[in-house]
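Novice: Could you have a look at this structure, given as structure tokens, before my questions?
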Amino acid sequence: MKHYSIFAFILFFLLLASCQKETSIREDGYYLVDEVVFSRHNIRSPLSTPGSDLSLVTPHQWVDWGVEAAHLTQRGGRIEQMLGAWFRSDLGTFASLNSDNSLFYSNSKQRTIKTGEKFIEGFGLSLPLYYRFDDDSMDPLFNPAYPFMNASLEKKILADMNAIGGVEGTVDEPYKGILAAIKEITDEIHFMEEVIDFKKSPFANGKLEHLPLDNMSIILSEGLEPGMKGDYKLVNSIADALVLQYYETGKEFGKDISVEDVRRIGKVKTIYDEVLFANHTTAILVSNPLVKKIKEELTDPTRKFTFLCGHDSNIASITKALGMKLRETIGAVEFTSPIGSKIVFRKYQKDGSFFVNVNIVYASVYQLRESSPISVQSPPMILPIDFEGLSRNTDGFYKMEDVIERFDDTIQEFERIVNEY
């Protein structure tokens with residue numbers, strides 16, 4: 001835990017201590033009747049392959065992750081297995097699951113399939129993991145793709161994206177707000193350049209002091225997920241690879257680096273998902289299949305446990321679309337949805353009425369880095385998630401009907417956008 005601030009250290013252990021109460025199955029007469037887990041895949045290798053720009057931005061060799069690009073690493077598998085075991089212990093006797101009362105369903109990417117399999121293995125089940133395709137393609141349920149696109153909708157989405165930086169785009173500078181948001185993390189990007197020794201890299205070629213940040217284009221097309229080309233996409237890829245490398249080695253190219261410093265690099269990654277997947281209009285459009293699926297699972301009286309495994313882009317769009325507030329993480333590198341994190345919906349019953357509690361559950365950076373035990377005695381991190389505009393009762397639970405109404409409103413807003421545009 002070297003170089004970790006005293007304040008963050010205290011917050012980490014206060015939250016860790018609170019986890020015991022937060023995950024109780026029976027709270028003041030509330031009985032758990034259903035749990036729906038939406039999981040981000042666990043630790044993977046970078047998306048870029050050898051020979052790409054990622055290998056040119058530093059004079060150093062990236063760590064050998066031991067797997068193909070974008071595949072779940074061995075460390076990721078071990079962590080997910082421990083998380084599965086923790087969920088099983090946490091649920092206690094409630095976890096008498098079978099193929100009739102549970103569903104384990106992942107996207108058809110290798111990293112999500114293997115994450116699902118390791119979770120089931122850790123859970124101690126022999127139930128199958130469902131996935132739709134065998135060719136590493138995207139399942140439409142998890143694919144954050146636009147169902148349609150036209151000029152007026154594109155204008156609206158770009159306005160939403162630029163609003164993240166607080167500046168409107170213009171004809172000459174259509175991405176002015178996005179670039180303004182990126183400018184806010186200039187110090188973090190420059191720190192990242194020092195970590196990778198960018199000035200000595202083949203990419204810099206003795207001519208560049210800093211990574212370029214001016215060239216950008218946003219890709220908005222029917223049937224495709226929102227995309228970005230240009231300078232900041234490369235910057236995001238570097239930050240992503242550095243975070244993953246820290247999980248594997250605890251260092252960056254042989255340099256000792258503190259958790260706080262890696263968190264500075266993690267901050268570089270936040271703008272990418274915020275711009276592409278957490279702008280309001282995009283979130284409503286691309287999350288619609290999963291919003292419907294989660295509602296279906298929450299309202300199915302035969303279901304006790306659901307595990308859906310996708311991506312951080314899914315978490316960003318689902319939570320934004322439903323008006324869910326992700327708090328800034330504690331004990332993590334990434335700011336909102338750490339690798340392997342899970343949005344956990346728990347439905348309780350009390351006196352004939354139903355209630356919902358929602359948390360984000362994730363392995364701490366120390367558990368990820370050290371593969372240290374995750375157990376009832378050493379639980380993962382748990383942070384509550386609030387719904388904007390909804391009120392909890394005196395026991396801290398949301399009424400089930402209020403939560404379902406929020407799902408319905410989100411689905412109806414999708415229909416409104418389709419009809420309006």
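Novice: What number of residues within region 219-228 satisfy the criterion of being within 21 Å of the chain's Cα centre (by Cα) and under 23 Å from Ile182 (Cα atoms)?
Specialist: Just the residues of region 219-228 that are within 21 Å of the chain's Cα centre (by Cα), to begin with: 224-228.
From what's left, under 23 Å from Ile182 (Cα atoms): 225-228.
Here the count works out to 4.
Novice: Is it true that some residue in region 98-111 is within 19 Å of Leu47 (Cβ to Cβ), assigned to a helix (DSSP H, G or I) and either at pLDDT 95 or above or not hydroxyl-bearing (Ser, Thr, Tyr) (or both)?
Specialist: Let us first name the residues in region 98-111 that are within 19 Å of Leu47 (Cβ to Cβ), namely 106-111.
Those left that are additionally assigned to a helix (DSSP H, G or I): 110-111.
After this cut, where a residue has to be either at pLDDT 95 or above or not hydroxyl-bearing (Ser, Thr, Tyr) (or both) as well, the list is 110-111.
The answer is yes; a qualifying residue exists.
Novice: If you don't mind, there's one more thing I want to ask. Is it true that Thr306 is in a helix (DSSP H, G or I), among the β-branched types (Val, Ile, Thr) and in contact (Cβ under 8 Å) with a residue 24 or more places away in the chain?
Specialist: no
Novice: Being within 26 Å of Phe305 (Cα to Cα) and outside any loop (DSSP other than H, G, I, E, B) is the filter here; which residues of region 127-163 pass it?
Specialist: Tyr130
Novice: From Val361, Val344, which residue is surrounded by fewer than 21 Cβ atoms within 10 Å (Cβ to Cβ) and within 16 Å of Ser39 (Cβ to Cβ)?
Specialist: When all the criteria are applied, what remains is Val344.
Novice: Please go through region 75-130 and pick out each residue that is under 22 Å from the mean Cα position of the chain (by Cα) and hydroxyl-bearing (Ser, Thr, Tyr).
Specialist: Listed by number, the residues that qualify are Tyr105, Ser106, Ser108, Thr112, Thr115, Tyr130.
Novice: Mind checking whether some residue in region 196-216 is in contact (Cβ under 8 Å) with a residue 24 or more places away in the chain, in contact with a strand residue (DSSP E or B) (Cβ under 6 Å, 6 or more places away or on another chain) and within 30 Å of Ile157 (Cα to Cα)?
Specialist: Within region 196-216 (the criterion being in contact (Cβ under 8 Å) with a residue 24 or more places away in the chain, in contact with a strand residue (DSSP E or B) (Cβ under 6 Å, 6 or more places away or on another chain) and within 30 Å of Ile157 (Cα to Cα)), the answer is yes, since at least one residue qualifies.
Novice: Related question: Pick from Asp256, Asp261, Asp273: which is at pLDDT below 95 and under 27 Å from Leu179 (Cα atoms)?
Specialist: Working: Asp256 fails: under 27 Å from Leu179 (Cα atoms); Asp261 fails: at pLDDT below 95.
Answer to the check: Asp273.
Novice: So if I check each of Gly92, Gly84, Gly66, which one is modelled with pLDDT of 90 or more and in a helix (DSSP H, G or I)?
Specialist: Values: Gly92 fails: modelled with pLDDT of 90 or more; Gly66 fails: in a helix (DSSP H, G or I).
Exactly one residue qualifies, and that residue is Gly84.
Novice: Kindly check whether there is at least one residue in region 78-94 that is among the basic types (Lys, Arg), farther than 19 Å from Asp300 by Cβ and in contact (Cβ under 8 Å) with a residue 40 or more places away in the chain.
Specialist: Our first condition is that a residue be among the basic types (Lys, Arg); within region 78-94, this holds for 78, 88.
If we keep only those that are farther than 19 Å from Asp300 by Cβ too, we end up with 78, 88.
With the extra rule that they be in contact (Cβ under 8 Å) with a residue 40 or more places away in the chain, the set shrinks to 78.
For region 78-94, residues among the basic types (Lys, Arg), farther than 19 Å from Asp300 by Cβ and in contact (Cβ under 8 Å) with a residue 40 or more places away in the chain: present.
Novice: Still on this structure: Across region 159-182, what is the number of residues that are under 26 Å from the mean Cα position of the chain (by Cα) and free of Cβ contacts under 8 Å to residues at least 12 places away in the same chain?
Specialist: Residues in region 159-182 being under 26 Å from the mean Cα position of the chain (by Cα) and free of Cβ contacts under 8 Å to residues at least 12 places away in the same chain: 1 in total.
Novice: Just one of Thr394, Thr336 is hydroxyl-bearing (Ser, Thr, Tyr), out of contact with any His (no Cβ under 6 Å at 6 or more places or on another chain) and buried (at least 16 other Cβ atoms within 10 Å of the Cβ); which is it?
Specialist: None of the other options fit; the residue is Thr336.
Novice: Quickly run through region 217-234 and pick out the residues that are touching a residue at least 60 places away in the same chain (Cβ under 8 Å) and of a type in the set (Ser, Thr, Tyr). Give the derivation first.
Specialist: Taking region 217-234 and keeping what is touching a residue at least 60 places away in the same chain (Cβ under 8 Å), we get 218, 220-226, 234.
Ser221, the sole residue that qualifies.
The values are calculated or read from the model by the stated rules, or taken from the named source; none is laboratory data. Not measured: the values here are computed from a predicted model. Every residue, glycine among them, receives a Cβ derived from its backbone with ideal geometry; neighbour counts consider all protein chains shown.
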